[in-house]
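J.: Got a structure here, written out as structure tokens. Questions coming.
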Amino acid sequence: MTQEVKDYVVKHVKDLIAADSCCAQAKEAGQAWLSALGTDKEAEMTKKLIEEAEMDIMPVDGLIAFADSEAGAKVFGPEKTKEVAAHGRKIKAAGAKYCDCPACAACEAILTKKDELL
């Protein structure tokens, strides 16, 4: 991995960890990867980071379906869930493949460098 790729991924891993929408497992994987840089654990933690990013990134259709569901209404509230669903439809119409919350955006950015990381 080049230093340029490493710097890019470090920035986005830090963004992921800082995101309010990031789950505990992704925060843990990101922190473990940062801690492993330059050690004999780097390759192992890189694989785990990528696996976690792939599991956690929400396809835009999943976002819309969740926001339109009763579970989504419980998470977002009855009014906010309509806004989230509408937002999902808007970004999908614009070509988005994934949710654009800070955590998903960071995962998407990290995954663009997957081949260079492995």
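J.: If you line up the long axis of helix 102-111 against the longest principal axis of the chain, both from Cα atoms, how many degrees apart are they, to the nearest 10?
T.: 40 degrees
J.: Just the number please: accessible area per residue for the range 30-90, 1.4 Å probe, all protein chains included, in Å².
T.: 60 Å²
J.: State the volume of the convex hull built on the alpha-carbon positions of the chain, expressed per residue in Å³ and rounded to an integer.
T.: Roughly 94 Å³ of hull volume per residue.
J.: Right, something else. Carbon and sulfur atoms: what percent of the 1.4 Å accessible area of the chain do they account for?
T.: Carbon and sulfur atoms account for 55 percent of the accessible area of the chain.
J.: Between residue 3 and residue 75, what's the calculated FRET efficiency when r is the beta-carbon distance and R0 is 41 Å? Round to 0.05.
T.: Values: r = 40 Å, r/R0 = 0.97.
It comes to 0.55.
J.: To the nearest 10 square angstrom, how much accessible area does residue 87 have with a 1.4 angstrom probe?
T.: Surface open to solvent at residue 87 totals about 70 Å².
J.: Could you go through the range 5-17 in sequence order and give the Karplus-derived ³J(HN,Hα) for each residue, using 6.51 cos²θ - 1.76 cosθ + 1.60 with θ = phi - 60°, rounded to whole Hz, and x for Gly and Pro?
T.: So the Karplus estimates, Gly and Pro as x, are 5, 4, 4, 4, 5, 4, 4, 6, 5, 5, 4, 4, 4 Hz.
J.: Quickly estimate the mean residue ellipticity at 222 nm for the chain, helices only: each DSSP H run with n ≥ 4 gives -39500 (n - 2.57), and the total goes over all residues, rounded to 500.
T.: Values: 8 runs with 89 residues, N = 118.
Taking each H run of at least 4 residues, the total per residue is -23000 deg cm²/dmol.
J.: Treat each spin label as a single point 7 Å out from the Cα along the C-beta direction, and report the residue 20 to residue 41 distance in nm.
T.: So the label points at residue 20 and residue 41 sit 3.1 nm apart.
J.: Of 61, 56, which has the most accessible area and how do the rest follow, probe 1.4 Å? Mind showing how you got there, number by number?
T.: Numbers: 61 85, 56 50 Å².
Putting 61, 56 in descending order of accessible area: 61, 56.
J.: Taking amide H positions as placed 1.01 Å from N in the peptide plane, with prolines and chain starts having none, which residues 5 or more places from residue 98, or on another chain, fall under 5 Å of its amide H?
T.: When sequence neighbours closer than 5 places are left aside, the close amide H contacts are 60.
J.: In whole percent, what relative contact order does the range 1-95 give with Cα contacts below 8 Å and a gap of six or more residues?
T.: 18 percent.
The values are calculated or read from the model by the stated rules, or taken from the named source; none is laboratory data. Keep in mind the model is a prediction, meaning the values are calculated, not measured. Here the Cβ is made from the backbone with ideal geometry for all residues, glycine too, and neighbour counts use every protein chain on show. All accessible areas refer to the heavy atoms of the entire protein, side chains included, with ligands and DNA or RNA removed. Shrake-Rupley method; radii C 1.70, N 1.55, O 1.52, S 1.80 Å.
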